[in-house]
Amino acid sequence: MKKILLTIALVLLCGTTMAQNVVTEINTENRYTLECCSGYAHSTTRFIGIANNGVINGQSSTPAYVTFEKGKEAGSYYIKVGEKYINCDGTNLSASTEKSTAWILGTVGNTVTFKYPGSTKYLNNNGTSCSDGTITALQANNHPNGPNASNACSTWEMKEYEVSYLTQVTASD
């Protein structure tokens, strides 16, 4: 009976957990979520992910797990969701198994931005397009009345995602 109670307690305390630490620096060994807390559906928590046919979507209520690969330029990263990369043709986003856009990482306060290289465009509009923005306006883009679009989001809260699994422990009676 003690073993059963101990196992139940360990599952509750040490089972699958999500560590939700907000970060502004990327470790390519870790997995993350990208969250826009305002914008779509007026302050509903939304995460970036991939929708039907490889369309980038930042309107999911379920977190997609994002990984990063270093780009050639310092401070640039390829963003990967599952097996697909988030790319931009200068306006629209797409998801592809081929990587073509190494986004420039930036920060605004406690949030991150992803700038399209050589432009004033950012991963924006809840993750559905690559739109113009300026550093001073990016924070406002988290709100429905932001400068780029009614549901704009150029700044993202990036959180680490870690999973720890229960280690089988036996106790003597």
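Could you put Ser94, Ser131, Ser100, Ser154 in order of accessible surface area, largest first, with the 1.4 Å probe and the full protein assembly present?
Order by accessible area, largest first: Ser100, Ser94, Ser131, Ser154.
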Problem - For Trp156, solvent-accessible area (1.4 Å; no DNA, RNA or ligand), Å² - result: 0
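The values are calculated or read from the model by the stated rules, or taken from the named source; none is laboratory data. It should be emphasised that the depicted structure is a prediction, and the values quoted were computed from it without experimental measurement. Surface accessibility is based on the protein's heavy atoms, side chains included, excluding ligands, DNA and RNA. Shrake-Rupley method; radii C 1.70, N 1.55, O 1.52, S 1.80 Å.
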